[in-house]
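Below: the structure, in structure tokens.
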Amino acid sequence: MIIMWIIKRDLLLAIRRQSDVLTTLFFFVIVVSLFPLSVGPEMNMLRAMAPGVVWVAALLASMLSLNRMFSNDYMDGTLEQMLLSPQSLSLLVLGKAFAHWLVTGIPLVIMAPILGIQYDLPAEALVVLTLTLLLGTPVLSLIGAIGAALTLGLRGGSVLISLLVLPLYIPVLIFGAGAVEANMAGIGFDAHLSLLGAFLLASLALAPWATASSLRVSLE
Amino acid sequence: MTINWFKYSSPASFYSLAGKMIPIFAFAAVISLVAGLYVGFFVAPTDFQQGEAYRIIFIHVPAAWMSMFLYVVMAFWAGIGLAFNTRLSSMFATAIAPTGAMFTFIALWTGSLWGKPMWGTWWVWDARLTSELILLFLYIGFMSLQAAIDDPRRADKAGAIIALVGVVNIPIIYFSVQWWNTLHQGASVSINQAPSMASTMLLGMLIMVFASWMYSIAIILKRVRVIIIERESHTAWVAELQKKDSIR
Amino acid sequence: MLQGINLACTRGDRELFKDVNFSLGTGGLMQVRGPNGSGKTSLLRMLCGLSSPAAGEILWCGEAIRVLNEDYFAAMTYIGHLSGTKDDLTVIENLRISSALSGYEISEDQASEALENLGLGGRERLLVRVLSQGQRRRVGLARLLTCKTSLWILDEPLVALDAMAVKFIQGLLERHLQQDGMVVMTTHQEIDIAAASIVQLQLA
Amino acid sequence: MNWSSVSDFFAMGGYGLYVWGSYVVTLICIVAEIWLISNRRRTLEKQYSLIRNINIRRDKK
């Protein structure tokens, strides 16, 4: 299966270049830890802020690694090979986005509950936070791939990616953080989770296709 | 008389057609603007709740509507350009973006100025204003992406993809913001629902909407003409125009 | 059969070439020549479907390649002037992955054999980053041995190669042409390749 | 008629700052947009007359 090859390849590369993974993770940890220092250690306020802070930090952290998603392959010519593959390019892109999520998204999901403890979140809220990140971070990788493909090889590409991609992240942010808040307020959060799931399905269906067309445009 | 519409899809013949159309739309814009302002300021009565402050509606609502329409129209032309590889439609998309962004900015600015006397603060995270803000980001993203790409063909196609992605997302974003807004604060005075709008108020607003349409068409045609000359400078027909000194 | 009809290429306002016509049958070799900046690489990228011509049409067996897409890619191998290898993967990983991407999954043994042939025996487990320029080039070219495509499009395949490797590639191309394959290539070096038909395409 | 005097008109029932602030900024935006496009056009025209002059000179030679 071609998609397995591409995932295996990107994981191998990530393992051999661990610094990329670690930078994303430490960025996430540092951003989340900075907030109490800037607004004060008042626990009630921190608890109220926690879902938003963790989610915004997750958005930024996953964006940090976006411009490396295709640019290395672009530079050494392997991206050209992928475009000329007899396999569907959308499928290859899906594999790359999945690998990106495994490498940058999963560490965030694992780290989030630990950071949540810093903010004194109740146990149930920690579970919800982890769940929302688990559903939401793949969407970030999938939508981010479009931005990464469009800005390939451009001057100031990494700043441009954030301009293009951050507004598109907003629905995920709203429902991701919203679910945790709803849980802490004692309201049901099922609707939030199903909407996040719907976003995931929609971006699974559309984003690889948009990314594939963007790559063809960018390499022309 | 039959008009060969297909003929006008080429930049060369469209260029001269647009030149003839601009004065018509500009004239219509000025006339309807004057009429709309007259109705807005001299015919429409004072609102019993909001006093005179509501008169901002005559630019706020048209600007907000235009900003959203123009994004959809822009994405439409960009998509046509991407699908059928027609240069002119892509140029249209590029020409629409700055005007759309300007209307978005006006909607935000006037919304804020209206909010101050109504809510007591310059900025409220009201669903409509928040969506406008995000729309402004989308316009800026589209324009910066196109500006960063040197090759016009790649710029057209890349812009089209991000515009289409944006247009798919706008309803989702709007819906999310609405949801978020109702969760976090109770119903406040919403800008766009004056409970009992006098018919003259509505009339003034509609005339202003018409004026904005006419203005947008005129200014976009004007910008398209400039873009055509910039892009097609190497082609024979532009050289022909130069020779006859009829670039105007 | 690969055909080009009235191909044109523009870069910004500048026209690199126009009205390029050719037809390449089975067993045919096409050598694209021209000075630097004449659009050789642009032409090859068009022929493999990475970019579309400003005017004209490219046909593969009578059908436009922009319609065929993946069906065309399945019959074609392109090796550009970038080596197409990842620095952080070993030689054998590189070959197996790039081969799989082009639709031919190969075993470790098959990969080792191809590398052996190209004089990279014993270096299979090295990371590509430690190889020399010429050796990297060979890793890229090894794909020609593992992919069973009929059309090869090669951009400067001989650059950075030593005499031995040039000789090997030359033999490889000749064998491919004898088996009714097709080759489109650019090169600055003068080499003689025996082929049933040779098309010389000169770009101004 | 809504207004008894000119100053009454400009005061806008105490909301003058907000109402006129909106209208003036809108006006500025529109004027700026028209000016920017005309400017872009003028530079193009200058460029073209420049190119044309060069061509004429070359033709004469």
* Structure fact -> A:G52: passes all of (1) away from every other protein chain (no Cβ under 14 Å); (2) touching a residue at least 60 places away in the same chain (Cβ under 8 Å) but (1)
* Say whether the condition of being away from chain B (no Cβ under 11 Å) and more than 18 Å from A:V109 (Cβ to Cβ) is met by at least one residue in the stretch A:195-204. => yes
* Which of the residues belonging to the stretch B:42-53 are more than 16 Å from B:W114 (Cα to Cα) and in a helix (DSSP H, G or I)? -> B:F42, B:V43
* **Residues of the stretch C:77-103 satisfying the condition of being within 7 Å of chain A (Cβ to nearest Cβ) and assigned to a strand (DSSP E or B)** => C:Y78
* To do: Give me the pairs, please: first residue somewhere in the stretch C:32-56 and free of Cβ contacts under 8 Å to residues at least 12 places away in the same chain and among the polar types (S, T, N, Q), second residue anywhere and surrounded by fewer than 22 Cβ atoms within 10 Å (Cβ to Cβ) and assigned to a loop (DSSP other than H, G, I, E, B), beta-carbon distance under 6 Å, and either six or more positions apart or on two chains.
  => C:S51/A:E220
* Residues located in the stretch B:20-29, provided they are loosely packed, with under 14 Cβ neighbours inside 10 Å and either under 17 Å from D:V31 (Cα atoms) or in contact with a His (Cβ under 6 Å, 6 or more places away or on another chain) (or both) -> B:P23, B:F27
* Asked: Out of curiosity, is B:I96 closer than 21 Å to B:V226 by Cα and under 14 Å from the mean Cα position of the chain (by Cα)?
  -> yes
* Where residues in the stretch B:31-41 are of a type in the set (A, V, I, L, M, F, W, C) and exposed (fewer than 15 other Cβ atoms within 10 Å of the Cβ), which of them is nearest to B:M118 (Cα to Cα)? -> B:V34
* Asked: free of Cβ contacts under 8 Å to residues at least 24 places away in the same chain, more than 13 Å from chain D (Cβ to nearest Cβ) and closer than 22 Å to B:W109 by Cα: does that describe B:F69?
  -> yes
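Here's the yes/no breakdown for (1) under 11 Å from the mean Cα position of the chain (by Cα); (2) assigned to a helix (DSSP H, G or I); (3) buried (at least 21 other Cβ atoms within 10 Å of the Cβ):
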residue: C:L145; (1), (2), (3): no, yes, no
residue: C:K148; (1), (2), (3): no, no, no
residue: C:W152; (1), (2), (3): yes, no, yes
residue: C:V159; (1), (2), (3): no, no, no
residue: C:A165; (1), (2), (3): no, yes, no
residue: C:F168; (1), (2), (3): no, yes, no
residue: C:G171; (1), (2), (3): no, yes, no
residue: C:R175; (1), (2), (3): no, yes, no
residue: C:V184; (1), (2), (3): yes, no, yes
* Restrict the check to the stretch A:168-180 and report whether at least one residue is facing chain B (nearest Cβ under 9 Å) and in contact with a Lys or Arg (Cβ under 6 Å, 6 or more places away or on another chain). => no
* Structure fact -> Looking across the stretch D:5-29 at residues that are at pLDDT 90 or above and more than 7 Å from every other protein chain (Cβ to nearest Cβ), the single one that is nearest to B:W122 (Cα to Cα) is D:W20
* Members of the stretch C:55-76 that are of a type in the set (A, V, I, L, M, F, W, C) and more than 9 Å from every other protein chain (Cβ to nearest Cβ) -> C:A55, C:I58, C:L59, C:W60, C:C61, C:A64, C:I65, C:V67, C:L68
* To do: Could you pull out the residue among B:G115, B:G81 that is buried (at least 19 other Cβ atoms within 10 Å of the Cβ), within 14 Å of chain D (Cβ to nearest Cβ) and among the small types (G, A, S)?
  => B:G115
* To do: From the list B:F27, B:F92, B:F76, pick out the single residue that is touching a Phe, Trp or Tyr at 6+ places or on another chain (Cβ under 6 Å), in a helix (DSSP H, G or I) and more than 30 Å from B:P117 (Cα to Cα).
  => B:F92
* **Elements of type strands (runs of 3 or more DSSP E) in the stretch C:1-66, at least 3 residues being in contact with a helix residue (DSSP H, G or I) (Cβ under 8 Å, 6 or more places away or on another chain) and of a type in the set (A, V, I, L, M, F, W, C)** => C:2-11, C:14-24, C:55-60
* Asked: For the stretch A:73-103, which residues satisfy the criterion of being in contact (Cβ under 8 Å) with a residue 12 or more places away in the chain and over 21 Å from C:I65 (Cα atoms)?
  -> A:Y74, A:V93, A:L94, A:G95, A:K96, A:A97, A:F98, A:A99, A:H100, A:W101, A:L102, A:V103
* Does A:L59 qualify as being modelled with pLDDT of 90 or more and either at positive phi or not in a helix (DSSP H, G or I) (or both)? -> no
* Structure fact -> Filtering the stretch C:1-17 down to residues that are within 13 Å of chain B (Cβ to nearest Cβ) and not hydrophobic (A, V, I, L, M, F, W, C) yields C:T10, C:R11, C:G12, C:D13, C:R14, C:E15
* Asked: Is it the case that the stretch B:118-136 has a residue that's outside any loop (DSSP other than H, G, I, E, B), within 8 Å of another protein chain (Cβ to nearest Cβ) and either closer than 22 Å to A:L166 by Cα or of a type in the set (A, V, I, L, M, F, W, C) (or both)?
  -> yes
* To do: Please give the number of the condition C:Q135 fails out of (1) without any contact (Cβ under 8 Å) to a residue 60 or more places away in the chain; (2) not in a helix (DSSP H, G or I).
  => (2)
* To do: For the stretch B:149-156, indicate whether the set of residues that are assigned to a loop (DSSP other than H, G, I, E, B), more than 9 Å from every other protein chain (Cβ to nearest Cβ), more than 15 Å from the chain's Cα centre (by Cα) and at pLDDT below 95 is non-empty.
  => no
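The values are calculated or read from the model by the stated rules, or taken from the named source; none is laboratory data. On a predicted model such as this, the values are computed, not experimentally measured, just so you know. Using ideal geometry, Cβ is built from the backbone for each residue, glycine included, and neighbour counts are taken over all protein chains shown.
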